[in-house]
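In what follows, a structure is listed as structure tokens, so that the remarks can point back to it.
Computed from the coordinates by the stated procedures, all read-outs in this text should not be read as laboratory data. Keep in mind it's a predicted model, so treat the numbers as computed, not measured. Note that each Cβ is placed from the backbone with ideal geometry, even for glycine, and that neighbours are counted across all protein chains shown.
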Amino acid sequence: MIDKLRVMYLLRDFPQISHTYEKNEIEAVRDEFVIKIIAMKKPNLPYKNHAPFHYISNRAMIHEAIKEFCPHVIHSHYLDNIQILSKLSGQSNIPFTIRAHSFDTMEPGKRLSLFDFISLPQRDSIPTHIRMGAPLINDDLCLGILSFPFSRQILERAGIRSDKIFDCYPVVNYRKFHDRSPNGNAIMNTGACIPKKQMEDFVHLATIKPNMEFNLYAMGYKVGKIARFNEAKGSPVNIVPPVEPEDMPREYKKHRWLVYTASRKIGTVGWPMAVAEAQASGVCVCMPNLRPDLKEYVGDAGFLYDSISEAAEIISKPVPEEMRQIGFEHAKKSDIFEHKVILTDLWKKAAGPFQ
């Protein structure tokens with residue numbers, strides 16, 4: 001009889017501050033499983049309170065670490081890691097699971113319209129790494145892939161078997177952010193400072209509403225560029241230095257609106273954790289109307305805008321209290337402590353009859 005299953009996490013740049021979904025997931029499962037974490041790349045901006053890990057970039061050395069730990073299952077994030085994950089799994093004959101995100105399931109520049117979702121886009125709109133990875137995911141060593149509901153049809157179109165795909169909302173520590181007390185009046189945006197987030201739009205929005213407080217929690221990468229852009233526009237936005245994940249709940253409470261910007265041209269912003277975190281904190285959400293599936297994710301606890309001027313009009317009005325209350329409940333769909341069973345049930349398959 002196995003006491004606890006051993007799970008090897010194979011992550012790209014742990015502990016990256018903009019990748020707190022990995023942190024949330026690990027914290028949700030660590031009491032039930034024996035966890036060992038390998039980071040294959042050093043993070044751009046690490047956070048402090050992280051689980052123990054080993055940095056190993058050499059595949060042969062990772063294989064040796066797997067043999068030494070002897071896990072029941074290997075787990076990773078991002079579909080563009082599928083090749084190395086499958087090779088290490090095959091070398092060790094150890095099953096694996098993988099959690100997909102957004103950029104790794106959508107082709108940059110392929111914005112999906114309502115017609116596309118109804119008629120199903122052509123095969124050439126599927127990222128190459130998914131097409132090449134489909135046989136690896138369909139292999140018996142793959143226990144399953146967790147993915148946002150909207151990406152199921154993309155994955156199936158790539159040839160991935162439907163029974164290998166498990167629909168799952170984002171990985172959010174809901175209980176950490178859930179706070180029904182009154183909120184402040186500022187406007188916020190947050191996330192990795194990369195082109196697909198188009199944070200310049202947030203600066204433009206602030207220039208339209210000069211009498212409102214705008215706070216940008218931009219993390220790593222191209223923060224210097226957005227800071228220079230903000231300065232050139234007269235510094236209408238407060239660019240907040242990196243905040244540790246444990247301190248973010250109190251930052252959300254300073255705000256009444258989250259305006260989550262995104263590039264329509266790149267089109268790979270999916271279901272950001274910040275939306276559920278904001279709703280759990282009593283913050284109303286406003287984000288671009290990129291695709292039909294975003295209505296499902298934002299639900300009736302936020303707005304989708306088609307232009308910055310429309311966003312300015314939305315945030316000029318008081319937050320509807322009914323919408324705020326709906327947000328507290330809607331955000332629960334992303335609670336990792338509730339939906340972690342989707343993942344852990346897959347892991348338990350690795351133990352078979354010996355569990």
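Data for the structure
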item	result
Estimated FRET transfer efficiency when R0 is 30 angstrom, pair Ser307-Asp167 (beta carbons, to 0.05)	0.45
Using a Förster distance of 25 Å, the FRET efficiency for Thr207-Val240 (Cβ separation, nearest 0.05)	0.85
Shape parameters for the stretch 174-334, alpha-carbon atoms, Rg then Dmax in Å	14.3, 40
The stretch 254-272 and the stretch 25-62: distance between their alpha carbon centers, rounded to Å	28
Per-residue ³J(HN,Hα) for the stretch 334-348, Karplus 6.51 cos²θ - 1.76 cosθ + 1.60, θ = phi - 60°, Hz, x for Gly and Pro	9, 5, 4, 6, 8, 9, 4, 4, 4, 7, 5, 5, 5, 4, 5
Residue-wise HN-Hα coupling along the stretch 138-143, computed from phi with Karplus coefficients 6.51, -1.76, 1.60 (Hz; x: Gly, Pro)	6, 5, 4, 6, 8, 7
20 Å cut-off, amide nitrogen to a point 7 angstrom out along Ser181 Cα→Cβ, residues in the stretch 251-288	251-258, 277-284
On Cα atoms only, tilt of 59-69 relative to the major axis of the chain in degrees	70
Fewest-first ranking of Ser162, Ser89, using other Cβ atoms within 10 Å as the exposure measure	Ser162, Ser89
Which listed pairs, of Lys196/Lys254; Lys36/Lys348; Lys197/Lys233; Lys222/Lys332, have C-alpha distances above 23 Å, in listed order	Lys196/Lys254; Lys222/Lys332
Spacing of the two label points (7 Å from each Cα toward its C-beta) at Lys295 and Asp247, in nm	4.0
The stretch 179-192 - phi-based ³J(HN,Hα) in whole Hz, Karplus 6.51/-1.76/1.60, Gly and Pro as x	7, 8, 5, x, 9, x, 10, 6, 10, 10, 9, 8, x, 5
Distant-in-sequence amide H partners of Gly282 (H built 1.01 Å from N, under 5 Å)	Asp179
Estimated FRET transfer efficiency (Cys70, Phe229; beta-carbon r; R0 41 Å; 0.05)	0.20
Extension gain, Asp345 back to Ile56 (0.36 nm per residue minus Cα-Cα distance, nm)	101.2 nm
Orientation-averaged projected area, Cα convex hull of the chain (nm²)	17.5
Long-range amide H partners of Tyr55 with built H, under 5 Å	Ala39
Inter-label distance for Lys254 and Val34, nm, one decimal - labels placed 7 Å from Cα along Cα-to-Cβ	4.4
Long-range HN-HN contacts of Cys142 with modeled amide H, under 5 Å	Phe96
Cβ-based net charge around Leu346, under 12 Å, with every Lys or Arg adding one and every Asp or Glu removing one	+3
Anchor Lys349: lysines whose Cα lies under 18 Å away (excluding residues fewer than 8 positions away in-chain)	Lys4, Lys164, Lys340
